[in-house]
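In what follows, a single structure is set out as structure tokens and then discussed.
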Amino acid sequence: MEKGVWKYINIGSQVLLGLIFIISAILKTVYFQLFIESLQSFNFISHNILFYIATGIILLELIVGFFISSGRYAKYAVITSIILLSLFNIIGVYSILLEKNWICACFGPFLSGSFSFSTILRNTFILILALYVYSFRSKEYTFNILSNSNTVILLLSLVSLSIILSVPLIQKKVQKEHIKIGNIIKNMKIQSIDSKIIDTSERKRTLLLFIIFDAEKDCASCLIEFSLWKKIYEDYNSVIEVIGIASARSEDFLRAWTNARKIKFPIIFDERKELFAEYKISTPLKILVNSFNEIVSIQKSTDNLELQNAFLDEIENFLKEKRDDPIQKLKN
């Protein structure tokens, strides 16, 4: 292959690598709440600093991507990208081997979900691309489209844009609190997608289980728990009322989605995510509520059978305790 052709291939590889980091940073900013929620799955990170860690990661990716694609300080930016990608792979492999069920939302809702071998393969491809760029550009970076002044101006513009986009997110963060055990859930009277009226104030079962999910974004996560949902609905139907609350592009899409998966419990179409709007919800999520409308258990969807069984054990414990429950008293 001619030398000139290789030059364009090398330049294209360098620009592509930079754009991958820039696109990733932009999608994290646009879907900032989703990115925050994915970091929540890393139980070693304090909730008090999640916002700052997320913001720092976005800014770092913007800077790295910008310098790689522009050619300014590209050597150091590529080295940084190799370190970041290697750490990502280590975290991913650790999550898979120890069944941590940590969530990756590197590109917003696109390709998001629990760490898997496909996640590692995708990241490895980007890592190989970074190593390739470093191999032919390690000595001298001749591709440079920016002067020093332009570099500073554009970099400051990117940082400013990220800060501007983060302002409403900061305000939103102040207004909401994470949903937690002990919260009181308001009663609701609403129609399900199969035209049945759901009135939680008139329920006759001991416990109420809300299964909250996004039929499109959470599809992969939902699939791993269908068997658990089905078991709870079928085995505990006399004592637990199961209600699904789902968002989707349209009610018709949600209806087709639930029919294809033969979901039998009622599903509410929460188009604007209003039913739990006062709380920060990381979907898909299971919320167990007692007769006093008090949350007694919360669990993120998981493919870990031990965690699923632990949730079933919690249900059994609440039923065995027979607390001072008005519905249980009526039955007795």
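Computed from the coordinates by the stated procedures, all read-outs in this text should not be read as laboratory data. Keep in mind that what you see is a predicted model, and the values were worked out from it rather than measured. Counting neighbours? That spans all protein chains shown, and the Cβs are built from the backbone with ideal geometry, glycine included.
Which whole number of Å³ per residue matches the convex hull of the alpha-carbon atoms in the stretch 189-331?
Working: hull volume 15.4 nm³, N = 143.
For the stretch 189-331, the hull spanned by Cα atoms encloses 108 Å³ per residue.
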Return the distance in nm (one decimal) between the two label points of a simple spin-label model at Y8 and N317, each offset 7 Å from Cα along Cα→Cβ.
6.6
Just to confirm my numbers, what's the Cα centroid distance between the stretch 249-267 and the stretch 269-308 in Å?
18
Spin-label model distance (nm) - A256 vs F51, 7 Å beyond Cα toward Cβ
4.0
Suppose each label sits 7 Å from its Cα in the direction of the beta carbon; what would the F117-Y132 distance come out to in nanometres?
2.3
